[in-house]
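What follows is one structure encoded as structure tokens, with my remarks underneath.
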Amino acid sequence: MEVKAISRNVRISASKGRDLARAVKGKSLADALKITDFSPRKAAGLLAKTLRSAAANASHNFGLDQDTLFVAKCVFDEGPSMRRYWPRARGSASPIEKQTSHITVVLSDEK
């Protein structure tokens, strides 16, 4: 059985979290949480929150044991960009795009 959790419109660029997502893919839930808890990066905290949400979904909604779960899929997708402007010389402006991302975690109890 597969259980999913999605965090949408998280205020971090997707490229900053993709290498961490590759690191936890295929690991057990406990190992993935250890990797994210001991990483100093902002993406690690956001990914850990999504992992814990997926684990809570698995245990509460489906009665699965958290010790048998592993990360089947972990993806940082690009979300919508917030467009802002930075004032420049002589009344002009430069655009700034603030990136967001969607974090998708799928946990499974079958290897």
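The values are calculated or read from the model by the stated rules, or taken from the named source; none is laboratory data. Source: prediction; values computed, not measured. Here Cβ is always computed from backbone atoms with ideal geometry, including for glycine, and neighbour counts include all displayed protein chains. Note: accessible area is taken over every heavy atom of the protein model, side chains too, but ligands, DNA and RNA are not part of it. Shrake-Rupley method; radii C 1.70, N 1.55, O 1.52, S 1.80 Å.
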(request) Tell me, please, whether a residue that is hydroxyl-bearing (Ser, Thr, Tyr), open to solvent by less than 60 Å² (accessible area, probe 1.4 Å) and part of a helix (DSSP H, G or I) can be found in the stretch 51-61. (result) yes
(message) Can you confirm whether ALA5 is touching a helix residue (DSSP H, G or I) at 6+ places or on another chain (Cβ under 6 Å) and over 23 Å from LYS111 (Cβ atoms)?
(response) no
(request) Could you look through the stretch 1-32, keep only residues that are in a helix (DSSP H, G or I) and open to solvent by 30 Å² or more (accessible area, probe 1.4 Å), and pick out the one that is nearest to ASP67 (Cα to Cα)? (result) ALA30
(message) Checking PRO40 against (1) over 19 Å from LYS111 (Cβ atoms); (2) modelled with pLDDT under 95, only one condition comes out false. Which one?
(response) (2)
(message) Among the listed residues ILE96, ILE35, ILE103, identify the single one that is over 20 Å from ARG8 (Cβ atoms), among the β-branched types (Val, Ile, Thr), modelled with pLDDT of 95 or more and not in a helix (DSSP H, G or I).
(response) ILE96
(request) Give ARG41, ARG84 a once-over and let me know the one that is of a type in the set (Lys, Arg), open to solvent by 20 Å² or more (accessible area, probe 1.4 Å) and more than 17 Å from the chain's Cα centre (by Cα). (result) ARG84
(request) Give me the pairs, please: first residue somewhere in the stretch 43-55 and farther than 12 Å from VAL24 by Cα and modelled with pLDDT of 95 or more, second residue anywhere and surrounded by fewer than 21 Cβ atoms within 10 Å (Cβ to Cβ) and among the charged types (D, E, K, R), beta-carbon distance under 6 Å, and either six or more positions apart or on two chains. (result) ALA43/LYS16
(message) Being small (Gly, Ala, Ser) and either in contact with a helix residue (DSSP H, G or I) (Cβ under 8 Å, 6 or more places away or on another chain) or under 20 Å from SER108 (Cβ atoms) (or both) is the requirement here; does ALA56 meet it?
(response) yes
